[in-house]
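Working notes, beginning with the structure itself.
The values are calculated or read from the model by the stated rules, or taken from the named source; none is laboratory data. All figures in this text were calculated on a predicted structure; none of them were measured in a lab. Heads up, the Cβs are rebuilt from the backbone with ideal geometry, glycines too, and the neighbour counts pull from every protein chain shown. SASA here: full protein model, heavy atoms, side chains in, ligands and nucleic acids out. Shrake-Rupley method; radii C 1.70, N 1.55, O 1.52, S 1.80 Å.
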Amino acid sequence: MILGETPANNGWRKSGIAWYDINHKLLPSGVVLQKLLDEINIKIEDTYFLEAIKCYPKDRKYLNKCSENCKKYLFRQLNIIKPKVVLSLEDAATKYILNIEYKKFSDVVGKEFDVNGYTVIPIYHPSPISPLSYKGNIEIFKNIKV
């Protein structure tokens, strides 16, 4: 399962399919993610995608409040889905699910955490804008056991 921060404005909120645009074309982040998933022989369409925050606040200053409001729903969904592994994308989603303090996101990337019996592995967001989207994640994916 892949855990994002909030529903992407140009992604599945419009297309109805995570990682795809309204023309059913894989978005650039989806292309990078699929390349990473190829390391563990999984197709992006076979992953489950959730957001830590269920709404899309217009002002990011409300993200923390929204995350507190949504946390019980996130954990309820996890209890229903029962994923083997949860890949948390970037800092915000990771903070929401781990509920621990750390100085830098890079301090937790690629490490395994037990959260209510689920293995959570923080990864860099697969956005091609980030230089770490592929090269910062590739070793993590090579070591994931599914």
statement: Farthest towards the positive end of the dipole of the chain, among P122, H24, S67 and with Cβ unit charges of +1 on Lys and Arg and -1 on Asp and Glu, lies the Cα of S67
statement: Nearest-0.05 FRET efficiency for Y102 and Y62 at R0 = 25 Å, using Cβ-Cβ distance, is 0.65
- prompt: Across 10 Å bins from the origin, how do the percents of Cα pairs in the range 11-146 run, short distances first?
  reply: 11, 40, 41, 8, 0
statement: Carbon and sulfur atoms account, in whole percent of the 1.4 Å probe accessible area of the range 96-146, for 50 percent
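Just list whichever of K65/K103; K58/K111; K14/K58; K72/K95; K72/K145 have alpha carbons separated by over 24 Å in the model shown. Walk me through the numbers before you get to the answer.
On the way: K65/K103 21 Å; K58/K111 32 Å; K14/K58 16 Å; K72/K95 15 Å; K72/K145 28 Å.
Checking Cα-Cα distances, K58/K111; K72/K145 exceed 24 Å.
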task: Tabulate in residue order the Karplus-calculated ³J(HN,Hα) for the range 38-46, using 6.51 cos²θ - 1.76 cosθ + 1.60 with θ = phi - 60°, rounded to whole Hz; enter x for Gly and Pro.
output: 4, 4, 10, 6, 10, 8, 4, 5, 9
- prompt: How large is ³J(HN,Hα) for each residue in the range 81-92, as worked out from phi by the Karplus curve 6.51 cos²θ - 1.76 cosθ + 1.60 (θ = phi - 60°), to whole Hz, x for Gly and Pro?
  reply: 6, 6, x, 6, 9, 10, 9, 9, 8, 6, 5, 5
- prompt: From the phi of every residue in the range 122-139, what ³J(HN,Hα) in whole Hz does the Karplus formula 6.51 cos²θ - 1.76 cosθ + 1.60 yield, where θ is phi - 60° and glycine or proline is x?
  reply: x, 9, 6, 4, x, 5, x, 5, 7, x, 9, 4, 9, 5, x, 10, 4, 5
- prompt: Using modelled backbone amide H atoms (1.01 Å from N, in-plane), which distant-in-sequence or interchain residues come within less than 5 Å of T119's amide H?
  reply: V86
